[in-house]
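Reviewing the structure listed below.
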Amino acid sequence: MDVLDDLLAGTKARGGIFNLTIMDPPWAVHIADEAPLALASLVRGSAWIVRDGAEPVRMEERDVAVLRGPEPYVVADEPGTAPQLRIHPGGLCEPLPGAPVDYSARLGVRTHGGRPEGAAMVVSGTYQLDGDVSRRLLTALPSVLVVPAAEVAGHVMDLVLGEIQNDEPGQQSVLDRWLDLALITTLRAWFARPESHAPGWYRAQSDPVVGLALRLLHEAPAHPWNVVELAERTDVSRASLSRRFTALVGEAPIAYLTGWRITLAADSLRTTDDTVETIARRVGYANAFALSVAFKRVRGISPTAHRRSPAA
């Protein structure tokens, strides 16, 4: 398992909210659904994504955008167009002055807008993420990213339109799986772009030495790793491994492993009733005391305090 696999394993759509918006110019939709992560694609037309404090971002037909929340944003035909619709949490649509008639609303997929053959058609889905593993992925993303249609797997994007326009049994599950696949292919294409400034852990995966070291750490985080064994497994010296790993990832191998173990422990503390002792052994610490010392050093609070605190 590589790093992106591990992070995406905690980022799965479950009961995702899907919207199909069809409008004629001038059109604009204010998205205020507070979703931590959203994915959108233009089935027809072109659009701008407008967000406070950032330059508007252009989208062309079949391009795919990933938007990091929960801050609101506007999707419009032109940056200055006033919104006619506002999407609230749960996909609820509020008509604003100048709104077209909402011609359809179906279970699982909310369709908003005017005539079905309108000039612009935007399909979107949202993730309700929680947990530290998912947050690790979110922090690696800009607030808005757009990947051109030519760089995203075309059949992945074609699938959703037929599914969204039909009420069939199991539709929610199909759309959730589509959202997962679309997110994976889009992020992979984005991180490969020079302007993405991909995080060190992603760039390092292509390095024959550091990439292997990362895979080993993620495949067995509870293993009692040290630099000596990692160097032996990657067939380089300790000094060479430490130097290359730190240069590419941004921190030393054992420091990276500690951060990953604490991330896994933090998720388990919030999502299970397992004892601190059990979680400690699962992520690679000898006992609850050892985990508590490391957890407090990294997070500033004890595992028990983290479990009791409200999720961020």
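Within the range 213-240, being surrounded by fewer than 17 Cβ atoms within 10 Å (Cβ to Cβ), of a type in the set (A, V, I, L, M) and over 19 Å from residue 284 (Cα atoms) holds for one residue alone: 239.
Quick check on this structure: which one of 154, 162, 170 is more than 23 Å from residue 61 (Cβ to Cβ), of a type outside the set (S, T, N, Q), out of contact with any Phe, Trp or Tyr (no Cβ under 9 Å at 6 or more places or on another chain) and modelled with pLDDT under 80? On inspection, the qualifying residue turns out to be 170.
What number of residues within the range 271-292 satisfy the criterion of being part of a helix (DSSP H, G or I) and touching a Leu at 6+ places or on another chain (Cβ under 9 Å)?
First pass over the range 271-292, keeping only residues part of a helix (DSSP H, G or I): 271, 276-283, 288-292.
Still in the running and touching a Leu at 6+ places or on another chain (Cβ under 9 Å): 276-277, 279-283.
Within the range 271-292, residues that are part of a helix (DSSP H, G or I) and touching a Leu at 6+ places or on another chain (Cβ under 9 Å) number 7.
Quick one: in the range 269-282, which of the residues that are surrounded by fewer than 20 Cβ atoms within 10 Å (Cβ to Cβ) and in contact (Cβ under 8 Å) with a residue 12 or more places away in the chain is farthest from residue 197 (Cα to Cα)? The qualifying residue farthest from residue 197 (Cα to Cα) is 275. Somewhere in the range 84-103, is a residue touching a Pro at 6+ places or on another chain (Cβ under 8 Å), outside any loop (DSSP other than H, G, I, E, B), at pLDDT 90 or above and not basic (Lys, Arg)? Checked against the condition, which is being touching a Pro at 6+ places or on another chain (Cβ under 8 Å), outside any loop (DSSP other than H, G, I, E, B), at pLDDT 90 or above and not basic (Lys, Arg), the range 84-103 yields no hits at all. Figure legend. Inter-residue proximity from the range 47-59: first residues in the same structural domain as residue 152 (by TED's automatic domain parsing), second residues crowded, with 17+ Cβ neighbours inside 10 Å and acidic (Asp, Glu), beta-carbon distance below 8 Å, spacing 6+ or different chains. Indicated pairs: 47/77; 48/77.
The values are calculated or read from the model by the stated rules, or taken from the named source; none is laboratory data. Just so it is clear, the structure is predicted and the values come from calculations on it, not from any experiment. With ideal geometry, Cβ positions are generated from the backbone for all residues, glycine too; neighbour counts draw on all protein chains shown.
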